[in-house]
Amino acid sequence: MKLSIRYKPRCYDRPWLVKRVNGKYGQHAHMRRKKDAVKLRNLLDRNLMPYSEEFKTAAKRLLSEKEYKNLENNSNKAYKGIKKK
């Protein structure tokens, strides 16, 4: 599954669009910041369930119902590699 990230300046509140390549029209989600869009794409590429309700809603829109149910709920994998300051 490929996800593309695009900037849509006319969508003032949520200008960053995460879209499933060759997906249906409804398989897209709008994010507030580019950083959020990239984080969502990285989580889905690693097959991990997002923690944020906003991200979970976006994941439901991007994935099929079967793909969404197969996401892993491992908290150690979701934060692996993030360094604390």
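Read the figures in this text as sums done on the coordinates, not as results from a lab. Computed from a prediction, not measured in an experiment: that's the story for all the values here. Glycine gets a Cβ as well: all are built from the backbone with ideal geometry, and neighbour counts include every protein chain shown.
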Proximal aspartates and glutamates relative to K34, as straight alpha-carbon distance under 16 Å, when same-chain residues fewer than 8 apart are discounted: D13, E54
J(HN,Hα) series, region 67-72, from Karplus relation 6.51 cos²θ - 1.76 cosθ + 1.60, nearest Hz, glycine and proline x: 5, 5, 5, 8, 5, 7
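Nearest 5 percent is fine: what portion of the DSSP beta bridges confined to the chain is antiparallel? If you can, show how the numbers build up before the last one.
On the way: 9 of 10 bridges.
Bridges in the chain are about 90 percent antiparallel.
Only Lys, Arg, Asp and Glu count, each charged at its Cβ (+1, +1, -1, -1), so figure out the dipole size of the chain about its Cα centre, rounded to 20 debye.
Dipole about the Cα centre, nearest 20: 400 debye.
State which entries of K2/K24; K39/K66; K8/K66 exceed 19 angstrom in Cα-Cα distance in the structure shown. Intermediate results must be reported in sequence, preceding the final value.
On the way: K2/K24 13 Å; K39/K66 22 Å; K8/K66 29 Å.
K39/K66; K8/K66, as the Cα separations exceed 19 Å there.
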